[in-house]
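What follows is a short report on a single structure.
The values are calculated or read from the model by the stated rules, or taken from the named source; none is laboratory data. Given the structure is predicted, the values throughout are model-derived calculations rather than measurements. Virtual Cβ from ideal backbone geometry, glycine too; neighbours counted across all protein chains shown. Heads up: the accessible areas ignore ligands, DNA and RNA and are worked out on the full protein's heavy atoms, side chains in. Shrake-Rupley method; radii C 1.70, N 1.55, O 1.52, S 1.80 Å.
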Amino acid sequence: MKKTVFIFLSITLLLASCGRQPSSETPAQTQESETVTSDTLPAGSDPAPSAEPEEDSASTESGALTESSTPTESGTPTASNILIAYFSVPEDVDPSGADAISGASIVVRDGEVSGNVQFMAEIIQETVGGDLFRIETVQEYPLEHEALVDFAADEQDAEARPELATHAEQLEQYDIVFLGYPNWWGDMPMPLYTFLEECDLSGKTIIPFCPHGGSGFSRTERTIAELQPNAVVSENGMSISRNNVAAAEDEIIAWAEGLGLPQ
């Protein structure tokens, strides 16, 4: 009987000893793991891991430009929900001569020379805020009027898609996209086709603006809608004669304010 009790007690002690084996993760290791997690993910952030180093993603967090982009006139892109993208080719015109008026391809404002579309874009930004983004191409365009219009016609005939030197990024932050371009031969310049085929503006409102030589928008709003079928193209865009752009600052401001965009 005593032998049986002794054996029973021995088995009980052995089992108790097995249940107290140390864990493979000590309390100190557990605390270290929790500290690393809280440092990596700020409060309220998405816990999904980033494929890029933290410093790289932070450097482009609110920008609209890639590293290859020319800095915009507004400086560092903001967290605005408005993007003002435009294509402008100021012709090589002497601003002090009569050609500056007859050609009407440039605007002189506060001593600075800019193209018609650029001028309109800057006034829009001053009125409603937002980020400026200039659509530029690797191909350089002629700056003399006749050569430029001939070059534009050749591009249209070839249905060219000029390579862009600047590329818009972080487009998800924008709800409103102003899109500016001159009317060349009753159509958008071909770099606009490249831009609209390269970018996804789904869910955004596109507001076109366009200086022209007498044809208004032509059918370019419809073309934009065809290239961006999941965006809404506003019917309240602004087209203005290229001969009137320089004197149209108040008109542009009134139009932009009348859109009722939040600031």
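What's the Cα-based Rg to Rh of segment 141-263, Rh via Kirkwood?
The Rg/Rh ratio comes out at 0.96.
Pick out, from PHE209, THR223, THR194, the residue whose Cα sits farthest towards the positive end of the charge dipole of segment 159-242, with +1 on the Cβ of Lys and Arg and -1 on the Cβ of Asp and Glu.
Checked the options; the winner is PHE209.
How big is the accessible area of ASP150 in square angstrom, nearest 10, if you roll a 1.4 angstrom probe over the protein chains?
90
Any idea of the accessible area per residue across segment 165-252, 1.4 Å probe, to the nearest Å²?
On the way: 3770 Å² over 88 residues.
For segment 165-252, the solvent-accessible area averages 43 Å² per residue.
Figure the gain on full extension for VAL149 and GLU235 (residue separation times 0.36 nm, minus the Cα-Cα span) and round it to one decimal in nm.
So the extension gain works out to 28.2 nm.
Keeping every protein chain present and rolling a 1.4 Å probe, give me the accessible area per residue for segment 107-150 in Å².
Values: 1920 Å² over 44 residues.
Result: 44 Å² of accessible area for each residue.
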